[in-house]
Amino acid sequence: MISVEEAREKVLSGITVLGTERVSTLESIGRVLASDIVSDIDVAPFDNSAMDGYAVRAGDLAGASELTPVRLRVVEHVPAGAFPTIAVGPGEATRIMTGAPVPEGADAVVMVERTAEEDEGAVAVIMATVRAGENIRRKAEDVRSGEVVLSAGEVVSAAAVGLMAAVGCAMPLVYRRPRVAIVATGDELVAIDEYPGPGKIRNSNSYSLAAQVLDAGGEPIVLEVARDTVEHTTSILTRAPEFDLMVSTGGVSMGDYDVVKDVLEQIGKMDFWKVAMRPGAPQTHGTIGGTPFFGLPGNPTSTMVGFELFVRPVILKMQGHSALDRPRHAVTLAHDVKKKPDRRYFLRATATLQADGTYIAALSGAQSSAMLSSMHRANCLLILPEGESFFPQGALAECVRIDRKEGSE
Ligand code: AMP
Ligand code: MG
(Lines give C-alpha, C1' and ligand atoms only; values in the text may rest on other atoms or scores of the structure.)
(Ligands and ions follow the chains in the order given, each with its own letter.)
Protein backbone atom coordinates (compact mmCIF):
# COMPACT_ATOMS: atom_id res chain seq x y z
CA MET A 1 0.00 0.00 0.00
CA ILE A 2 1.42 3.40 -0.94
CA SER A 3 0.59 6.90 0.28
CA VAL A 4 -1.62 9.35 -1.59
CA GLU A 5 1.43 11.55 -2.35
CA GLU A 6 3.42 8.64 -3.73
CA ALA A 7 0.48 7.53 -5.85
CA ARG A 8 -0.03 11.04 -7.19
CA GLU A 9 3.64 11.43 -8.00
CA LYS A 10 3.69 8.08 -9.80
CA VAL A 11 0.62 8.79 -11.93
CA LEU A 12 1.83 12.26 -12.92
CA SER A 13 5.48 11.37 -13.57
CA GLY A 14 4.77 9.53 -16.82
CA ILE A 15 2.40 12.15 -18.22
CA THR A 16 3.45 14.61 -20.90
CA VAL A 17 1.40 17.25 -22.60
CA LEU A 18 -0.55 16.10 -25.67
CA GLY A 19 -0.16 17.68 -29.11
CA THR A 20 -1.67 20.95 -30.26
CA GLU A 21 -4.54 21.87 -32.56
CA ARG A 22 -6.14 24.99 -33.94
CA VAL A 23 -9.72 25.61 -32.85
CA SER A 24 -12.12 28.48 -33.38
CA THR A 25 -11.79 31.35 -30.90
CA LEU A 26 -15.04 30.46 -29.14
CA GLU A 27 -14.12 26.77 -28.86
CA SER A 28 -10.89 27.76 -27.12
CA ILE A 29 -12.72 28.70 -23.88
CA GLY A 30 -11.09 26.83 -20.96
CA ARG A 31 -8.25 25.49 -23.14
CA VAL A 32 -4.55 26.19 -22.61
CA LEU A 33 -2.88 28.36 -25.25
CA ALA A 34 0.08 26.72 -26.98
CA SER A 35 1.42 29.95 -28.50
CA ASP A 36 1.41 33.67 -27.77
CA ILE A 37 -1.37 35.76 -29.29
CA VAL A 38 -0.04 38.95 -30.93
CA SER A 39 -2.27 41.85 -31.90
CA ASP A 40 -2.35 42.88 -35.56
CA ILE A 41 -3.86 46.27 -34.66
CA ASP A 42 -3.96 49.08 -32.14
CA VAL A 43 -6.96 48.87 -29.79
CA ALA A 44 -8.47 51.46 -29.88
CA PRO A 45 -7.52 51.89 -33.56
CA PHE A 46 -8.09 55.68 -33.44
CA ASP A 47 -8.91 58.43 -30.91
CA ASN A 48 -12.65 58.10 -30.33
CA SER A 49 -15.44 59.55 -28.26
CA ALA A 50 -16.35 57.94 -24.91
CA MET A 51 -19.72 59.75 -24.92
CA ASP A 52 -22.60 60.79 -27.09
CA GLY A 53 -22.25 64.58 -27.33
CA TYR A 54 -20.20 67.24 -29.07
CA ALA A 55 -16.51 67.23 -30.04
CA VAL A 56 -15.22 70.69 -29.10
CA ARG A 57 -12.13 72.78 -28.45
CA ALA A 58 -11.95 72.90 -24.65
CA GLY A 59 -10.59 76.45 -24.79
CA ASP A 60 -13.85 77.66 -26.35
CA LEU A 61 -15.87 76.70 -23.29
CA ALA A 62 -14.15 78.77 -20.58
CA GLY A 63 -16.84 79.85 -18.10
CA ALA A 64 -19.64 77.81 -19.72
CA SER A 65 -22.49 76.93 -17.29
CA GLU A 66 -26.25 76.58 -17.25
CA LEU A 67 -26.57 80.34 -16.55
CA THR A 68 -23.85 81.33 -19.02
CA PRO A 69 -23.98 78.80 -21.87
CA VAL A 70 -21.62 78.95 -24.83
CA ARG A 71 -23.04 78.56 -28.35
CA LEU A 72 -21.03 76.66 -30.99
CA ARG A 73 -21.78 76.17 -34.69
CA VAL A 74 -22.28 72.49 -35.53
CA VAL A 75 -20.20 71.61 -38.62
CA GLU A 76 -20.82 67.85 -38.97
CA HIS A 77 -22.59 64.77 -37.50
CA VAL A 78 -20.41 61.67 -36.97
CA PRO A 79 -22.12 58.40 -35.93
CA ALA A 80 -20.07 55.33 -34.85
CA GLY A 81 -18.64 53.65 -37.96
CA ALA A 82 -18.34 56.93 -39.92
CA PHE A 83 -15.19 59.02 -40.28
CA PRO A 84 -15.16 62.84 -39.83
CA THR A 85 -14.27 64.94 -42.85
CA ILE A 86 -14.35 68.46 -41.39
CA ALA A 87 -11.91 69.89 -38.83
CA VAL A 88 -13.41 71.67 -35.81
CA GLY A 89 -12.34 75.33 -35.82
CA PRO A 90 -12.70 78.00 -33.11
CA GLY A 91 -16.35 78.45 -32.14
CA GLU A 92 -17.33 75.17 -33.81
CA ALA A 93 -18.40 71.68 -32.69
CA THR A 94 -19.10 68.27 -34.27
CA ARG A 95 -22.04 66.20 -33.10
CA ILE A 96 -20.45 62.83 -32.22
CA MET A 97 -21.62 59.42 -30.98
CA THR A 98 -19.81 56.98 -28.63
CA GLY A 99 -17.05 55.14 -30.49
CA ALA A 100 -16.92 57.59 -33.41
CA PRO A 101 -13.52 59.05 -34.37
CA VAL A 102 -12.72 62.46 -32.91
CA PRO A 103 -12.37 65.07 -35.68
CA GLU A 104 -9.24 67.14 -36.29
CA GLY A 105 -9.13 70.31 -34.24
CA ALA A 106 -11.31 69.00 -31.38
CA ASP A 107 -9.58 68.10 -28.10
CA ALA A 108 -12.51 67.10 -25.87
CA VAL A 109 -16.09 65.83 -25.93
CA VAL A 110 -18.98 67.34 -23.95
CA MET A 111 -21.64 64.81 -23.00
CA VAL A 112 -25.03 65.43 -24.58
CA GLU A 113 -26.68 65.73 -21.14
CA ARG A 114 -24.83 69.05 -20.62
CA THR A 115 -26.04 70.53 -23.89
CA ALA A 116 -29.11 71.69 -25.78
CA GLU A 117 -29.85 72.35 -29.44
CA GLU A 118 -30.95 75.52 -31.22
CA ASP A 119 -31.74 76.28 -34.82
CA GLU A 120 -32.78 72.68 -35.59
CA GLY A 121 -29.41 71.38 -34.49
CA ALA A 122 -27.27 73.90 -36.31
CA VAL A 123 -26.18 75.40 -32.99
CA ALA A 124 -25.02 73.51 -29.88
CA VAL A 125 -25.72 75.19 -26.54
CA ILE A 126 -23.02 74.01 -24.13
CA MET A 127 -23.65 74.41 -20.41
CA ALA A 128 -20.44 73.00 -18.89
CA THR A 129 -16.71 73.30 -19.25
CA VAL A 130 -14.44 70.37 -20.18
CA ARG A 131 -10.75 69.67 -19.68
CA ALA A 132 -8.65 69.08 -22.80
CA GLY A 133 -8.70 65.31 -23.44
CA GLU A 134 -11.88 64.72 -21.45
CA ASN A 135 -14.17 61.93 -22.78
CA ILE A 136 -11.68 60.92 -25.49
CA ARG A 137 -10.42 57.30 -25.62
CA ARG A 138 -6.91 57.34 -27.03
CA LYS A 139 -5.61 55.26 -29.93
CA ALA A 140 -3.79 52.12 -28.62
CA GLU A 141 -4.75 52.83 -24.99
CA ASP A 142 -5.79 49.14 -24.52
CA VAL A 143 -3.44 47.23 -26.86
CA ARG A 144 -0.58 48.30 -29.17
CA SER A 145 -0.13 46.68 -32.59
CA GLY A 146 2.48 43.87 -32.23
CA GLU A 147 1.89 43.49 -28.50
CA VAL A 148 1.51 40.00 -26.94
CA VAL A 149 -2.01 40.12 -25.50
CA LEU A 150 -2.13 36.51 -24.28
CA SER A 151 0.80 34.19 -23.54
CA ALA A 152 1.34 30.50 -24.20
CA GLY A 153 0.29 28.54 -21.11
CA GLU A 154 -2.60 30.83 -20.21
CA VAL A 155 -6.05 29.33 -19.74
CA VAL A 156 -8.55 31.00 -22.07
CA SER A 157 -11.25 32.95 -20.20
CA ALA A 158 -14.35 34.62 -21.64
CA ALA A 159 -12.51 37.95 -21.62
CA ALA A 160 -9.58 36.30 -23.45
CA VAL A 161 -12.01 35.08 -26.13
CA GLY A 162 -13.18 38.68 -26.58
CA LEU A 163 -9.60 39.96 -26.62
CA MET A 164 -8.65 37.45 -29.32
CA ALA A 165 -11.64 38.56 -31.38
CA ALA A 166 -10.59 42.20 -30.98
CA VAL A 167 -7.05 41.50 -32.22
CA GLY A 168 -8.10 39.28 -35.14
CA CYS A 169 -7.12 35.83 -33.78
CA ALA A 170 -9.73 33.52 -35.35
CA MET A 171 -7.99 30.12 -34.82
CA PRO A 172 -5.82 30.06 -31.68
CA LEU A 173 -3.35 27.19 -31.19
CA VAL A 174 -4.28 25.20 -28.06
CA TYR A 175 -3.37 21.85 -26.50
CA ARG A 176 -5.55 18.93 -27.44
CA ARG A 177 -8.24 17.54 -25.14
CA PRO A 178 -7.48 13.98 -24.02
CA ARG A 179 -9.86 11.29 -25.27
CA VAL A 180 -10.72 9.31 -22.17
CA ALA A 181 -12.27 5.83 -22.43
CA ILE A 182 -14.64 4.93 -19.60
CA VAL A 183 -15.26 1.27 -18.80
CA ALA A 184 -17.75 0.23 -16.14
CA THR A 185 -17.46 -3.37 -15.01
CA GLY A 186 -20.04 -5.59 -13.34
CA ASP A 187 -22.74 -8.16 -14.19
CA GLU A 188 -25.13 -6.27 -11.89
CA LEU A 189 -25.22 -3.15 -14.04
CA VAL A 190 -28.15 -2.05 -16.17
CA ALA A 191 -28.52 1.09 -18.31
CA ILE A 192 -29.92 4.40 -17.11
CA ASP A 193 -33.22 3.87 -18.97
CA GLU A 194 -33.83 0.38 -17.59
CA TYR A 195 -35.64 -0.46 -14.36
CA PRO A 196 -33.23 -2.76 -12.51
CA GLY A 197 -34.46 -6.31 -12.04
CA PRO A 198 -33.60 -8.51 -9.02
CA GLY A 199 -29.97 -8.10 -7.97
CA LYS A 200 -29.31 -5.34 -10.50
CA ILE A 201 -28.44 -1.64 -10.12
CA ARG A 202 -28.11 1.19 -12.60
CA ASN A 203 -24.68 2.03 -13.94
CA SER A 204 -24.14 5.46 -12.39
CA ASN A 205 -20.34 5.45 -12.44
CA SER A 206 -20.06 5.77 -16.21
CA TYR A 207 -22.09 8.96 -15.90
CA SER A 208 -20.33 10.51 -12.92
CA LEU A 209 -16.95 9.71 -14.50
CA ALA A 210 -17.91 11.05 -17.92
CA ALA A 211 -19.11 14.22 -16.20
CA GLN A 212 -15.83 14.49 -14.27
CA VAL A 213 -13.89 14.00 -17.52
CA LEU A 214 -15.88 16.78 -19.21
CA ASP A 215 -15.41 19.03 -16.21
CA ALA A 216 -11.63 18.48 -16.40
CA GLY A 217 -11.65 19.43 -20.10
CA GLY A 218 -11.35 15.89 -21.49
CA GLU A 219 -13.53 14.12 -24.04
CA PRO A 220 -15.27 11.10 -22.49
CA ILE A 221 -15.95 8.01 -24.59
CA VAL A 222 -18.16 5.56 -22.72
CA LEU A 223 -17.41 2.00 -23.83
CA GLU A 224 -19.49 -1.11 -23.42
CA VAL A 225 -19.89 -2.40 -19.84
CA ALA A 226 -17.40 -5.19 -19.16
CA ARG A 227 -18.89 -8.39 -17.84
CA ASP A 228 -17.11 -9.97 -14.87
CA THR A 229 -15.10 -12.45 -16.94
CA VAL A 230 -11.44 -12.33 -17.88
CA GLU A 231 -12.31 -12.81 -21.56
CA HIS A 232 -14.82 -10.01 -21.87
CA THR A 233 -12.89 -7.57 -19.69
CA THR A 234 -9.74 -8.31 -21.73
CA SER A 235 -11.57 -7.62 -24.98
CA ILE A 236 -12.46 -4.14 -23.75
CA LEU A 237 -9.28 -3.15 -21.88
CA THR A 238 -7.13 -4.09 -24.91
CA ARG A 239 -8.72 -1.11 -26.66
CA ALA A 240 -6.82 1.29 -24.35
CA PRO A 241 -4.24 2.33 -27.00
CA GLU A 242 -7.06 3.83 -29.11
CA PHE A 243 -7.36 6.53 -26.42
CA ASP A 244 -5.17 8.94 -24.47
CA LEU A 245 -6.34 7.49 -21.18
CA MET A 246 -8.55 4.64 -19.98
CA VAL A 247 -10.50 4.62 -16.71
CA SER A 248 -12.46 1.63 -15.42
CA THR A 249 -14.62 1.25 -12.32
CA GLY A 250 -15.18 -1.80 -10.17
CA GLY A 251 -13.63 -5.24 -10.30
CA VAL A 252 -10.45 -4.23 -8.43
CA SER A 253 -11.13 -5.48 -4.91
CA MET A 254 -10.77 -8.97 -3.44
CA GLY A 255 -14.07 -10.46 -4.68
CA ASP A 256 -14.29 -13.71 -6.63
CA TYR A 257 -15.20 -11.88 -9.83
CA ASP A 258 -12.82 -8.93 -9.56
CA VAL A 259 -10.75 -9.52 -12.69
CA VAL A 260 -9.49 -6.06 -13.67
CA LYS A 261 -6.12 -6.36 -11.88
CA ASP A 262 -5.46 -9.79 -13.43
CA VAL A 263 -6.32 -8.54 -16.89
CA LEU A 264 -4.12 -5.45 -16.42
CA GLU A 265 -1.18 -7.65 -15.42
CA GLN A 266 -1.74 -9.92 -18.41
CA ILE A 267 -2.11 -7.30 -21.15
CA GLY A 268 -0.27 -4.33 -19.65
CA LYS A 269 1.83 -3.23 -16.68
CA MET A 270 0.56 -2.65 -13.17
CA ASP A 271 2.20 0.20 -11.27
CA PHE A 272 0.25 0.02 -7.98
CA TRP A 273 -3.13 -1.21 -6.86
CA LYS A 274 -3.66 0.02 -3.35
CA VAL A 275 -3.42 3.48 -1.77
CA ALA A 276 -3.63 4.23 1.96
CA MET A 277 -6.86 6.19 1.74
CA ARG A 278 -10.57 6.01 2.41
CA PRO A 279 -12.92 5.91 0.61
CA GLY A 280 -11.57 3.57 -2.01
CA ALA A 281 -8.22 1.98 -1.20
CA PRO A 282 -8.05 -0.29 -4.28
CA GLN A 283 -6.96 2.46 -6.66
CA THR A 284 -5.23 0.63 -9.48
CA HIS A 285 -2.83 2.27 -11.89
CA GLY A 286 -0.72 1.06 -14.80
CA THR A 287 -0.41 1.20 -18.58
CA ILE A 288 -1.90 -0.83 -21.41
CA GLY A 289 0.03 -0.58 -24.67
CA GLY A 290 1.60 2.61 -23.34
CA THR A 291 -1.77 4.24 -22.53
CA PRO A 292 -2.20 5.23 -18.87
CA PHE A 293 -4.86 3.09 -17.20
CA PHE A 294 -6.76 3.72 -13.96
CA GLY A 295 -8.78 0.92 -12.37
CA LEU A 296 -10.91 2.89 -9.96
CA PRO A 297 -12.94 1.13 -7.27
CA GLY A 298 -16.61 0.40 -7.97
CA ASN A 299 -18.38 2.14 -5.10
CA PRO A 300 -19.78 5.37 -6.50
CA THR A 301 -18.02 7.78 -4.14
CA SER A 302 -14.76 5.81 -4.13
CA THR A 303 -14.76 6.14 -7.91
CA MET A 304 -15.35 9.87 -7.81
CA VAL A 305 -12.76 10.55 -5.09
CA GLY A 306 -10.18 8.39 -6.92
CA PHE A 307 -10.85 10.34 -10.10
CA GLU A 308 -10.57 13.62 -8.22
CA LEU A 309 -7.21 12.76 -6.62
CA PHE A 310 -5.45 10.90 -9.44
CA VAL A 311 -7.19 11.15 -12.82
CA ARG A 312 -8.20 14.80 -12.88
CA PRO A 313 -4.63 16.11 -12.46
CA VAL A 314 -3.49 13.75 -15.23
CA ILE A 315 -6.15 15.09 -17.62
CA LEU A 316 -5.18 18.65 -16.74
CA LYS A 317 -1.46 17.97 -17.23
CA MET A 318 -2.12 16.39 -20.64
CA GLN A 319 -3.81 19.63 -21.71
CA GLY A 320 -0.88 21.82 -20.68
CA HIS A 321 -2.30 23.15 -17.41
CA SER A 322 0.40 24.12 -14.91
CA ALA A 323 -1.95 24.40 -11.90
CA LEU A 324 -2.86 20.83 -10.95
CA ASP A 325 -4.03 21.34 -7.36
CA ARG A 326 -7.44 22.52 -6.24
CA PRO A 327 -7.22 25.13 -3.49
CA ARG A 328 -6.99 23.93 0.11
CA HIS A 329 -7.67 25.78 3.33
CA ALA A 330 -8.04 25.21 7.05
CA VAL A 331 -11.45 24.61 8.61
CA THR A 332 -12.73 24.35 12.17
CA LEU A 333 -14.70 21.16 12.75
CA ALA A 334 -18.35 21.75 13.62
CA HIS A 335 -18.55 18.43 15.46
CA ASP A 336 -16.41 15.49 16.60
CA VAL A 337 -15.09 13.26 13.81
CA LYS A 338 -13.84 9.71 14.37
CA LYS A 339 -11.88 7.57 11.95
CA LYS A 340 -9.68 4.51 11.89
CA PRO A 341 -6.01 5.44 12.22
CA ASP A 342 -4.80 3.24 9.34
CA ARG A 343 -5.46 5.51 6.38
CA ARG A 344 -5.94 9.05 5.23
CA TYR A 345 -9.62 9.94 5.05
CA PHE A 346 -11.26 12.20 2.52
CA LEU A 347 -14.61 12.99 4.08
CA ARG A 348 -17.43 14.68 2.21
CA ALA A 349 -18.10 17.99 3.95
CA THR A 350 -19.49 21.47 3.59
CA ALA A 351 -17.21 24.37 4.46
CA THR A 352 -18.94 27.64 5.34
CA LEU A 353 -17.27 31.01 5.61
CA GLN A 354 -17.78 32.70 8.99
CA ALA A 355 -18.04 36.43 9.72
CA ASP A 356 -14.48 36.40 11.12
CA GLY A 357 -13.06 35.08 7.83
CA THR A 358 -12.48 31.51 9.03
CA TYR A 359 -14.30 28.43 7.77
CA ILE A 360 -16.35 25.94 9.71
CA ALA A 361 -16.92 22.48 8.23
CA ALA A 362 -19.56 19.83 8.88
CA LEU A 363 -19.90 16.44 7.22
CA SER A 364 -22.39 16.68 4.36
CA GLY A 365 -24.08 13.37 5.23
CA ALA A 366 -23.38 9.67 5.73
CA GLN A 367 -19.94 8.63 4.52
CA SER A 368 -20.62 5.17 3.09
CA SER A 369 -18.67 4.88 -0.14
CA ALA A 370 -21.80 3.49 -1.79
CA MET A 371 -23.66 6.79 -1.22
CA LEU A 372 -23.56 9.64 -3.68
CA SER A 373 -25.97 12.11 -2.06
CA SER A 374 -23.45 13.33 0.51
CA MET A 375 -20.92 13.73 -2.32
CA HIS A 376 -23.45 15.83 -4.17
CA ARG A 377 -23.92 18.11 -1.15
CA ALA A 378 -20.19 18.46 -0.41
CA ASN A 379 -18.16 21.49 -1.47
CA CYS A 380 -14.95 20.05 -0.03
CA LEU A 381 -13.22 16.91 1.13
CA LEU A 382 -11.91 17.04 4.70
CA ILE A 383 -8.40 15.59 4.72
CA LEU A 384 -7.81 13.69 7.96
CA PRO A 385 -4.30 12.27 8.21
CA GLU A 386 -3.27 8.68 8.80
CA GLY A 387 -2.09 7.83 12.32
CA GLU A 388 -4.87 9.72 14.07
CA SER A 389 -8.37 8.61 14.98
CA PHE A 390 -10.19 11.37 16.85
CA PHE A 391 -10.75 14.97 15.87
CA PRO A 392 -12.84 16.90 18.43
CA GLN A 393 -15.30 19.66 17.65
CA GLY A 394 -13.36 22.93 17.32
CA ALA A 395 -10.17 21.23 16.06
CA LEU A 396 -8.51 22.55 12.93
CA ALA A 397 -8.34 20.38 9.82
CA GLU A 398 -7.43 20.88 6.19
CA CYS A 399 -9.89 20.60 3.32
CA VAL A 400 -9.60 20.55 -0.46
CA ARG A 401 -12.25 22.58 -2.28
CA ILE A 402 -13.79 20.38 -4.94
CA ASP A 403 -16.00 23.30 -6.01
CA ARG A 404 -13.05 25.53 -6.98
CA LYS A 405 -10.69 25.40 -9.93
CA GLU A 406 -6.99 24.61 -9.73
CA GLY A 407 -4.96 27.79 -9.41
CA SER A 408 -7.83 29.76 -7.85
CA GLU A 409 -7.94 31.03 -4.27
P1 AMP B 1 -16.85 -4.03 -7.13
O2 AMP B 1 -15.55 -3.47 -6.68
O3 AMP B 1 -16.90 -4.32 -8.58
O4 AMP B 1 -17.27 -5.18 -6.29
O5 AMP B 1 -17.92 -2.88 -6.88
C6 AMP B 1 -18.13 -2.35 -5.59
C7 AMP B 1 -19.53 -1.84 -5.44
O8 AMP B 1 -19.74 -0.77 -6.38
C9 AMP B 1 -20.61 -2.85 -5.72
O10 AMP B 1 -21.67 -2.66 -4.81
C11 AMP B 1 -21.04 -2.52 -7.11
O12 AMP B 1 -22.36 -2.91 -7.38
C13 AMP B 1 -20.90 -1.02 -7.16
N14 AMP B 1 -20.65 -0.60 -8.52
C15 AMP B 1 -19.70 -1.11 -9.35
N16 AMP B 1 -19.74 -0.52 -10.55
C17 AMP B 1 -20.74 0.39 -10.50
C18 AMP B 1 -21.28 1.30 -11.44
N19 AMP B 1 -20.78 1.40 -12.66
N20 AMP B 1 -22.31 2.10 -11.05
C21 AMP B 1 -22.80 2.02 -9.81
N22 AMP B 1 -22.33 1.17 -8.87
C23 AMP B 1 -21.32 0.35 -9.20
MG1 MG C 1 -17.90 -5.67 -9.64
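The values are calculated or read from the model by the stated rules, or taken from the named source; none is laboratory data. This is a predicted model, so every value here is computed, not measured. For neighbour counting, all protein chains shown are included, and Cβ atoms are generated from backbone atoms with ideal geometry for every residue, glycine included.
Remarks
- Single condition A93 does not satisfy, out of (1) touching a Leu at 6+ places or on another chain (Cβ under 6 Å); (2) closer than 29 Å to G168 by Cβ: (2)
- Entry remark, the range 353-370: residues being polar (S, T, N, Q) and out of contact with any Lys or Arg (no Cβ under 9 Å at 6 or more places or on another chain) number 3 in total.
- Residues (loosely packed, with under 14 Cβ neighbours inside 10 Å and at positive phi) located in the range 195-246: G199
- The condition of being within 23 Å of the chain's Cα centre (by Cα) and either in the same structural domain as V305 (by TED's automatic domain parsing) or free of Cβ contacts under 8 Å to residues at least 60 places away in the same chain (or both) holds for only one of V75, V11, V32, V70, that being V11.
- A single member of T284, T350, T291, T332 is among the polar types (S, T, N, Q), closer than 22 Å to F390 by Cα and touching a Phe, Trp or Tyr at 6+ places or on another chain (Cβ under 8 Å), and it is T332.
- Residue within the range 251-266 that is under 28 Å from R404 (Cβ atoms) and either among the aliphatic types (A, V, I, L, M) or out of contact with any helix residue (DSSP H, G or I) (no Cβ under 8 Å at 6 or more places or on another chain) (or both) present: no
- At least 3 residues being hydrophobic (A, V, I, L, M, F, W, C) is the threshold, and among the strands (runs of 3 or more DSSP E) wholly inside the range 284-389 those reaching it are 291-296, 328-333, 344-353, 359-363, 380-384.
- Lone qualifier among V225, V161 - being of a type in the set (V, I, T), within 16 Å of ligand 2 (Cβ to nearest atom) and touching a residue at least 24 places away in the same chain (Cβ under 8 Å): V225
- In this structure, L296 qualifies as of a type in the set (A, V, I, L, M), within 16 Å of ligand 2 (Cβ to nearest atom), within 17 Å of M1 (Cβ to Cβ) and crowded, with 23+ Cβ neighbours inside 10 Å.
- Residue check for V148: farther than 30 Å from S39 by Cα and surrounded by fewer than 21 Cβ atoms within 10 Å (Cβ to Cβ): no
- Scanning the range 131-156 for residues that are closer than 12 Å to A50 by Cβ and not small (G, A, S) gives E134, N135, I136, R137, R138, E141.
- Within the range 45-87, tally of residues that are at pLDDT below 95 and either among the hydroxyl-bearing types (S, T, Y) or in contact with a Lys or Arg (Cβ under 7 Å, 6 or more places away or on another chain) (or both): 0
- Test result for A216, in contact (Cβ under 8 Å) with a residue 24 or more places away in the chain and away from ligand 2 (no atom under 14 Å from the Cβ): yes
- Out of A44, A93, sole residue that is in contact with a Phe, Trp or Tyr (Cβ under 6 Å, 6 or more places away or on another chain), aliphatic (A, V, I, L, M) and farther than 30 Å from L245 by Cα: A93
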